[in-house]
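Enquirer: Mind looking over this structure? Questions follow.
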Amino acid sequence: MREQTYDAIVIGAGLGGLLSAAQLLQRGKRVVVLERLPHCGGRFTAKTYQGVQVSTGAVHMVPFGSSGVLAGMLRRLRIPHHFFDADVFASFYVHGKQYRSRGLLGTFRFLGLRQSFLFTRIGYLMFFRRLPQAERNLPFDAWLARHIDVKRNRELTAFFERITRFALSLELSQVTVAEAIQTTKNMLRYGAPGIVEGGCAALTTELERRLLEQGTELRLRNEVMEILSTDGHVSGVRTRDKANREETMINAPLVVSDIGPRATNALLNNRQLTQAQVLKHHEEISLVDMLGTIPNGTRSEKEVPLAVAQGLKVHILSDVSLIPHKGIMYCLDTRRIAGMVQPTNCDPRLAPPGKHLLISHQVMQSENIEEATWLEMR
């Protein structure tokens, strides 16, 4: 078995892995990036299909646009990019009509007097009252039900549901009150998501180019078999080239994993998980249980289990424009679709000339991808 040494190893060449490598490179580290797929980008790239930029994960958007943390990081790394900021807070499709909202007060137009009052009260409880410690880890849906009649106030409940589903690919029952409050604060502080000029692939392609240009070693089709440790400290990885099956031991005092907590934990125990195993619903456990920090039996019944975010997108080509702005249209009275975006409003090159690209997003409600796709279209 070959043996090599680097300052740092990055597992996974998705957006997070590429950014991690760029940060380490900026600090003068010798970095190797290991990716099991034949391309970089992970869930933040795109494939061209019949002239359409079909994204692999993200809807050609980044959180908070040019005001967000990602944009700031790219500026510090001097990575060329351009984000089109949203010109609205959002629009809301409800009762057969689309309501365009430049700010939160615009929601009053479809919420009505009673629900607008309750919305204001919920806002006070979230932002102006100190959250009791006992409520911090409550599931947000349970907390919301304590303060409003969720069945009677369907539009208000759907407002929180759809934003959570679209932004996090999670249900309200899978998000704690503290997380919901922090996410909402960030949204109000930094603004709505922005569209990436050129789509997802443009950004990760530029990151890949910059890393290679500055000496990072990028190994595609390389599968990490095990994260190695010595005396309780990470010491490197054991990797296998998928082309020739040759194994290599790479030593490094720093290993950054961008493949998720479950897959990372498996590698620490000399196991590999398939994507299907990672996404199993019945394997929902708390993070501390998964890492072996506390016994399973000591977990509180009110603790929100660690849930894998699972979203489903459908790309639709339309001859007519359906969304008259550069932001998200949340769908409040649909059964499954949380929201839609029309990224060609910002960059027409994402679709063939004369066409509009619409991307719908929903939380996966079935482990059968074909069934979920069919249900999405209903």
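The values are calculated or read from the model by the stated rules, or taken from the named source; none is laboratory data. Just so it is clear, the model here is predicted, and its values are computed rather than measured. We place every Cβ from the backbone using ideal geometry, glycine too, and count neighbours over all the protein chains shown.
Enquirer: Select from the stretch 43-54 the residues that are at pLDDT 95 or above and within 18 Å of Asp258 (Cβ to Cβ) and write down the one among them that is nearest to the chain's Cα centre (by Cα).
Expert: Phe44
Enquirer: Looking at Gln98, Gln4, can you tell me which residue is in a strand (DSSP E or B), of a type in the set (S, T, N, Q), farther than 30 Å from Val314 by Cα and over 23 Å from the mean Cα position of the chain (by Cα)?
Expert: One residue alone meets the criteria, Gln4.
Enquirer: Here's another thing I want to ask about it. Considering the stretch 227-268 alone, what residues qualify as being surrounded by 16 or more Cβ atoms within 10 Å (Cβ to Cβ) and among the acidic types (Asp, Glu)?
Expert: Once the filter is applied, which keeps residues that are surrounded by 16 or more Cβ atoms within 10 Å (Cβ to Cβ) and among the acidic types (Asp, Glu), the stretch 227-268 yields only Asp258.
Conditions (1) exposed (fewer than 15 other Cβ atoms within 10 Å of the Cβ); (2) closer than 27 Å to Gln310 by Cβ, marked per residue:
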{"position": "Ala13", "(1), (2)": "no, yes"}
{"position": "Gly57", "(1), (2)": "no, yes"}
{"position": "Gly72", "(1), (2)": "yes, no"}
{"position": "Pro80", "(1), (2)": "yes, no"}
{"position": "Arg100", "(1), (2)": "no, no"}
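Residue-wise test of (1) crowded, with 17+ Cβ neighbours inside 10 Å; (2) assigned by TED's automatic domain parsing to the domain that holds Asp333; (3) touching a residue at least 60 places away in the same chain (Cβ under 8 Å).
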site	(1), (2), (3)
Thr157	yes, yes, no
Arg162	yes, yes, yes
Gln182	no, yes, no
Lys185	no, yes, no
Thr204	yes, no, yes
Thr216	yes, no, yes
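Enquirer: Regarding Asp87, is this residue touching a His at 6+ places or on another chain (Cβ under 6 Å) and either assigned to a helix (DSSP H, G or I) or among the acidic types (Asp, Glu) (or both)?
Expert: On the way: touching a His at 6+ places or on another chain (Cβ under 6 Å): yes; either assigned to a helix (DSSP H, G or I) or among the acidic types (Asp, Glu) (or both): yes.
Taking the combined requirement at face value, the residue satisfies it.
Enquirer: Of all strands (runs of 3 or more DSSP E) completely enclosed by the stretch 136-245, which ones contain at least 1 residues that are aliphatic (A, V, I, L, M) and in contact with a Phe, Trp or Tyr (Cβ under 9 Å, 6 or more places away or on another chain)?
Expert: Working: elements: 194-196, 217-219, 222-230, 233-241.
Hits in the stretch 136-245: 194-196.
Enquirer: Could you list, in sequence order, the residues of the stretch 166-211 that are more than 29 Å from Gln365 (Cα to Cα) and touching a Pro at 6+ places or on another chain (Cβ under 8 Å)?
Expert: Tyr190, Glu206
Enquirer: Residue check, Leu273 against (1) loosely packed, with under 12 Cβ neighbours inside 10 Å; (2) at pLDDT below 85; (3) assigned to a loop (DSSP other than H, G, I, E, B), all met but one. Which one?
Expert: All conditions pass for Leu273, except number (1).
Enquirer: List the pairs whose first member sits in the stretch 1-30 and is in the same structural domain as Arg245 (by TED's automatic domain parsing) and of a type in the set (Lys, Arg), whose second member is modelled with pLDDT of 95 or more and in a loop (DSSP other than H, G, I, E, B), and whose Cβ atoms are under 7 Å apart, counting only residues at least 6 apart or on separate chains?
Expert: Final answer for the pair search is Lys29/Asp7; Arg30/Tyr6; Arg30/Asp7.
Enquirer: Give all pairs with beta carbons closer than 6 Å in which a residue from the stretch 229-249 that is of a type in the set (D, E, K, R) meets a residue that is surrounded by 14 or more Cβ atoms within 10 Å (Cβ to Cβ) and assigned to a loop (DSSP other than H, G, I, E, B); count only pairs at least 6 apart in sequence or on separate chains.
Expert: Lys242/Arg221
Enquirer: Give Gly96, Gly12, Gly57 a once-over and let me know the one that is on the phi > 0 side of the Ramachandran plot, at pLDDT below 95 and small (Gly, Ala, Ser).
Expert: Exactly one of Gly96, Gly12, Gly57 is on the phi > 0 side of the Ramachandran plot, at pLDDT below 95 and small (Gly, Ala, Ser), namely Gly96.
Enquirer: Need the failing condition index for Thr107 against (1) surrounded by fewer than 19 Cβ atoms within 10 Å (Cβ to Cβ); (2) under 28 Å from Pro343 (Cβ atoms), just the number.
Expert: The number of the failed condition is (1).
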